[in-house]
Amino acid sequence: MMNEAYNLEYKSLKKEGDSEIMILNMGPQHPSTHGVLRLELKVNGEIIEEVIPHIGYLHRCFEKHAEACNYQQVIPYVDRMDYLSSMYNDFGYAIAVEKLLGIEIPERVEYIRIIMGEFQRIASHLVAIGTFGLDVGSFTPFLYCFRDREKILTLFEKTCGARLLYNYIWPGGVSHDLYPEFKNDALNFLKEFKRNLKDLEILLVENKIFIERTAGIGVLSENIAINYAASGPMIRGSGIPYDIRKIEPYGIYDRFEFNIPVGEGIMGKKGDCWDRFYVRYLEILESIKIIEQALDSLPDGNVFEKLPKKIKPKKGIVYSRVESPRGELGFFIISDGSDKPFRIKVRAPSFVNLSILPEIAKGCFIADLVAILGSIDIVLGEVDR
Amino acid sequence: MTIKEIFDLLKNRFENIKIYIEKFEVGEEYIVVSPDVLKQILQEIRNNPRLHFDYLMCISSVDDANGEIKKDENGNKIIKGGTLSLYYHLYSTTRNHKIAIKTSVDRENPAVPTAIDLWKSADWHEREAFDMMGIKFEGHPNLKRILMPYDWNAGFPLRKDFITPEYYNDLKIPY
Amino acid sequence: MNTINEKDNLLNNKIEYNSKDKNFYFEPGVIIAKADELFSWARKSSLWQLTFGLACCAIEMMSTSASNYDFDRFGVIPRPSPRQADVMIVSGTVTLKMASRIKILYEQMSEPKYVISMGSCATCGGPYWQHGYHVLKGVDRIIPVDVYVPGCPPRPEALLDGLITLQKKIEKEYLLKEKNDNKRNI
């Protein structure tokens, strides 16, 4: 009797089947948002109708500090914006200031900058892949990636003394020369690392559960990607070969041979989370090629160009961009003839990539939202500056 | 195409509009327009098949600080008059050329038409320009603060005459 | 009887152990110690931390929990919910927008709770002390802090040293006396 009454009630409810929209908060402290990011979700059951990101929880007033310091004193602040790839932040800033000064730098410096930049790209992609695996549910790749990353950080520490925030690449050169056994250590590490990458391939790239969780989710089509100005692995995962190292080469990137991996939709649709992850994995292999070519032809020389103690560029405006591991990092510097910059504006790649999230996360489950956010690979220090 | 050729094309297309190129001793050159014709120029450079600028890289806001410097009652420096500037940096993925466009608005009442219907990436850049410098974008659907807290009422932080307030919601700010 | 003889033999075997350990005297299956020390030993060896990384110091905290400098051998596991955590490691810059959330999280943790302030930004504002209009100069303006770890960012070994200092502080606490007598002010 009770069973029949319960079944009747349940069936009548099921026929109507509509539910209200509930507002949920994935707050600033959450294990899966990569830092302090607040997402306001409007959900209908488990399906997401709308996502609104709220940022600004790590706004550290970089641009105001830059107006009060010398050109050299700004470099530690620039490091701390994208704290996972701080060599590349220094690189971008140094190139912008050298365009304003109009100086030439020694050959050895160019090679050292590219070697350090590409090692930093490998380290940053290892963190991205490791934490993406952790979000989706696998714990072992996280430990393997961090073990390999520690060896790269040991190389950096022997060169310049710091593990995470280096203050190494200055306008005009590099602060310390490479130590004598750097070439042997680097080549040994690369040989061992290529073997360890095969473990990662079995654990993540060809893993059926990982493919089920990420393929066909968060598809970003080409038109939307260009209209929203996506850059880095976001836009290359959708099939567009947009890489600043090939379009507008800076440094001496035009002397090296390397390919640009693009997503092709092998496992699901073109432009989904699996494509972006695979583009990052293939970029690690390309970076290894560039480092080996650069170490082969490393010339001798001094590592710093003679500059006066106070850098005073003439009046001018410059916008220079580099390809950081997350996308297009742009520095817009206005100088008014004194030794402090008048205005520095940073075009951060994660800031622009995060604005695509409301567009590609419509209609997916909450668990898929975590996978999409992990595949965009944001760093909140850059988003909020 | 170089910037000179793009500038000539625009000058031939719009004959009555004041538009000129500016360049300093070092650095890059850019095209200067006034704010009332800004929307027409932006539409033209996006839709013209020879130009086809479909990638908006960055919108930057600058405080020119070229007005008079006065002192108010407490002895703090205030700037009256003068301009605020906006710089648009664009790139074309099909033709592989880039350009920079500058406008200047009044400091007392800054207002510019929005570019969100042309490029969606302008959405968050314009919100940040409003938050940091106070420039209003007419036609923007959601012009709120983005980096500062929503109830921050102590001014616009990146202006040159911004004074750090003492307290925010019972939290002491200075060191 | 047989059982009494066996007991004597076992006691004789165990007496050699006792002479080195002055604090503990045991027969097989019985340990005698002060209750305070036993509770402190249990509490300090399984501090569960709240995953609360804000900025660059969070990456060093993640490196400390990874395999090279293992956090798990001290009994520290990351837990996402404040109700299940004992210690909150504030790593990174605290901004005004985030300050109210930190206070709510601290109040949601259950007693006894501890706070480690990691890095120079959480201690005193860090490199953003001079012109930071949105930076809170030190997290001790809103919550009470037990241990400060300096550095920008501190090395993983420095964070482990901070944890050991906190463990030494916990060893000296008394739980079984009156609340007013407790050495630590809550």
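Computed from the coordinates by the stated procedures, all read-outs in this text should not be read as laboratory data. Every value quoted in this text rests on a predicted model; they were computed, and no experiment measured them. All Cβ positions, glycine included, derive from the backbone under ideal geometry; neighbour counts span all protein chains shown.
What to note about this one:
- Take the Cα of A:I52, step 7 Å toward its Cβ, do the same at A:N259, and the gap between the two points is 4.5 nm.
- Candidate lysines for bridging to B:K136, where Cα separation is under 20 Å - those fewer than 8 sequence places away on the same chain excluded: A:K345, B:K39, B:K80, B:K102, B:K120, B:K144, B:K160
- 3J(HN,Hα) couplings calculated from phi for the range B:107-122 with the Karplus curve 6.51 cos²θ - 1.76 cosθ + 1.60 (θ = phi - 60°) are, in sequence order, 6, 6, 9, x, 8, 9, x, 7, 10, 6, 7, 9, 10, 6, 6, 6 Hz; Gly and Pro show x.
- Sites A:E157 and B:T164 - FRET efficiency at Förster radius 41 Å, r taken between beta-carbons, to 0.05: 0.65
- A simple charge model with +1 on the Cβ of Lys and Arg, -1 on the Cβ of Asp and Glu and nothing else charged puts the dipole of the protein assembly as shown at about 1120 debye relative to its Cα centre.
- For A:D199, neighbours were defined as the other residues whose beta-carbon sits under 13 Å from its Cβ, and their charges (Lys and Arg +1, Asp and Glu -1) total 0.
- Lysines whose Cα lies under 19 Å from that of A:K183, excluding same-chain neighbours fewer than 8 positions away: A:K151, A:K158, A:K191, A:K194, A:K289
- DSSP H segments from chain A that extend 15 Å or more along their own axis, Cα-based, with Kyte-Doolittle mean of 1.0 or above: A:366-376
- Computed over Cα pairs, the Kirkwood radius of the range A:193-289 leads via Stokes-Einstein (0.692 mPa s, 37 °C) to a diffusion coefficient of 230 µm² per second.
- Taking max minus min of the alpha-carbon positions on each principal axis, the protein assembly as shown gives extents of 120, 83, 67 Å, largest first.
- Under the criterion of Cα pairs below 8 Å and six or more residues apart, the relative contact order for the range A:52-384 equals 27 percent.
- Placing +1 on the Cβ of every Lys and Arg and -1 on the Cβ of every Asp and Glu, with nothing else charged, gives chain A a dipole about its Cα centre of roughly 960 debye.
- In this simple spin-label model, placing a label point 7 Å from the Cα along the Cα-to-Cβ direction at both B:E68 and A:N302 gives a separation of 5.2 nm.
- Computed from point charges on the beta carbon alone (+1 for Lys and Arg, -1 for Asp and Glu), the dipole magnitude for chain B about its Cα centre is near 320 Debye.
- Solvent-free Debye calculation, one equal scatterer per alpha-carbon of the range A:52-384: log10 I(q)/I(0) at 0.07, 0.12 Å⁻¹ equals -0.28, -0.85.
- Positive-end residue, the range B:3-172 charge dipole about Cα centroid, Cβ charges, pick of B:L143, B:A111, B:V37: B:V37
- A:M22/A:E212 FRET efficiency (R0 30 Å; Cβ-Cβ; nearest 0.05): 0.65
- Kirkwood Rh and Cα Rg combined as Rg over Rh, evaluated for the range A:28-119: 1.16
- The angle between the Cα long axis of helix B:38-47 and the longest principal axis of the Cα atoms of chain B comes to about 40 degrees, rounded to the nearest 10.
- For A:M234, neighbours were defined as the other residues whose beta-carbon sits under 9 Å from its Cβ, and their charges (Lys and Arg +1, Asp and Glu -1) total +2.
- Computed per residue of chain B from DSSP H runs no shorter than four, each worth -39500 (n - 2.57), the mean residue ellipticity at 222 nm is -5500 deg cm²/dmol.
- Sorted largest first, extent of the range B:3-172 alpha carbons per principal axis (Å): 57, 32, 29
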